[in-house]
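Chemist: Quick one: this structure, given as structure tokens, is what I'll be asking you about.
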Amino acid sequence: MKRLEGKVAVVTGGNSGIGLATARRLQEEGAKLAISGRSKQTLDEAVKSIGNGVVAVQADVAKLADLDKLYAEVARKLGKIDVLFVNAGVAKFAPLAETSESTYDENFDINVKGAYFTIQKALPLLNDGASIILNTSVADSKGTVGASAYAATKAAMRSLARTAAAELLDRNIRVNTVAPGPIETPIFGRTGLPQQAIDEFAKDVVNRIPMKRFGKHEELANLAAFLLSDMAEYINGECVVIDGGQWLRGAGEFNDLALLPDALWEQMEAARSKQ
């Protein structure tokens, strides 16, 4: 029997990358599926890709009215919710001294405010015994240069998950987080960094990961499907890291990724000055 047979699953940011891969995986496990995203174009593409009756709602999780719209549509078409993957997010990077208010606000509005109210507004629709996952990052507990605002949002999400897990115990609703290391995802193209900087960053990361590659969307989707299923019913309030051994020590030439190469930052700054 499929692990999520007959259950209702909602994936925010389910229109691309990790969200889309996880949405597909949850449907393969038998879930009735709803996805959301800000872009109508990528939502339409995701619907064609997933097929089989998926409900798609254009919504910005930073806007509470959009979340109300999302859950109203889910309730109308699918009923109550058993599985919630809080995945919608952005990654905007800049050194601490150069982070603008708009960059800070965009990170926090979507990653923190969006996650908080995605969960809060789902509560009346969640069945007792439901499962929630928040998609954080290994950056939530590391001092990654140039990612102060982004990393702070992910740390906030991790804290939110633990508090929510404690508050929802009486309903037997589990809340966990997954913390990906470097994963092949379109979000890198939306960081605000020039392409040359992204390419150099990717090359440097691969060289430092013990497994010598980026993770795949499908690998995180498999982890999410397990944690969201009853097979993980004794796992609650936890953060599961999936990073290709990034935290290992003494693995070949691997070093802590907290410090990016100075040459990379010089390239980033040179490219920004020309924009």
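Coordinate-derived values only; no laboratory data. Keep in mind that this is a model prediction, so the values were computed, not measured. All Cβ positions, even for glycine, are placed from backbone atoms using ideal geometry, and neighbour counts span all protein chains on display.
Chemist: Under a 10 Å cutoff between Cα atoms, tell me which one of 36, 131, 159 has the largest fluctuation in the Gaussian network model of the chain.
Modeler: Taking springs between Cα atoms under 10 Å, the residue moving most is 159.
Chemist: Suppose a student asked you for the relative contact order of the chain, using Cα pairs under 8 Å spaced at least 6 residues apart; what percent would you report?
Modeler: On the way: 526 pairs, mean separation 51.9, N = 275.
Here the relative contact order equals 19 percent.
Chemist: Among the lysines, select those whose C-alpha is under 23 Å from the C-alpha of residue 7, and discard any that sit fewer than 8 residues away in the same chain.
Modeler: Of all the lysines, those that pass the test against residue 7 - Cα under 23 Å, at least 8 places apart if same chain - are 32, 48, 69, 77, 80, 121.
Chemist: Once a ≥ b ≥ c are taken as the square roots of the eigenvalues of the Cα gyration tensor of segment 26-87, is the result rounded (a/c under 1.5), prolate (a/b larger than b/c) or oblate (a/b not larger than b/c)?
Modeler: Oblate.
Chemist: Based on the alpha-carbon gyration tensor of segment 76-204 and its eigenvalue square roots a ≥ b ≥ c, which shape applies: rounded if a/c is under 1.5, prolate if not and a/b is larger than b/c, or oblate?
Modeler: Working: a/c = 2.25, a/b = 2.11, b/c = 1.07.
Prolate, since a/c reaches 1.5 and a/b exceeds b/c.
Chemist: Which whole-number percent gives the relative contact order of segment 60-130, counting Cα pairs below 8 Å spaced six or more residues apart?
Modeler: Relative contact order comes out at 51 percent.
Chemist: Would you mind pulling out the separation of the Cα centroids of segment 202-225 and segment 1-79, in Å?
Modeler: 24
Chemist: Using each residue's phi in segment 99-116, evaluate 6.51 cos²θ - 1.76 cosθ + 1.60 at θ = phi - 60° and report the 3J(HN,Hα) Karplus result to the nearest Hz, with x for Gly and Pro.
Modeler: Result, rounded to whole Hz: 6, 7, 4, 5, 5, 4, 5, 5, 4, 6, 4, 8, 6, 9, 4, x, 5, 4.
Chemist: When the helices in the chain are scored as -39500 (n - 2.57) per DSSP H run of 4 or longer and the sum is shared across all residues, what 222 nm value do you end up with, to the nearest 500 deg cm²/dmol?
Modeler: Numbers: 9 runs with 113 residues, N = 275.
Value at 222 nm, helices only, nearest 500: -13000 deg cm²/dmol.
Chemist: Would you mind ranking 157, 1, 211, 231 so that the residue whose beta carbon has the fewest other beta carbons within 10 Å leads the list?
Modeler: Details: 157 24, 1 7, 211 15, 231 11.
Listed from fewest to most nearby Cβ atoms, that is 1, 231, 211, 157.
Chemist: Then there is this: Around residue 215, which amide H atoms from residues at least 5 apart in sequence, or from another chain, sit under 5 Å from its own amide H, with H modelled in the peptide plane?
Modeler: The answer is 183, 184.
Chemist: Still on this structure: Name the shape class, rounded, prolate or oblate, that the alpha-carbon gyration tensor gives for segment 1-151, where a ≥ b ≥ c are the square roots of its eigenvalues, rounded holds for a/c under 1.5, and otherwise prolate holds if a/b is larger than b/c and oblate otherwise. Write out the running numbers ahead of the final one.
Modeler: On the way: a/c = 1.88, a/b = 1.84, b/c = 1.02.
It comes out prolate by the Cα gyration axes.
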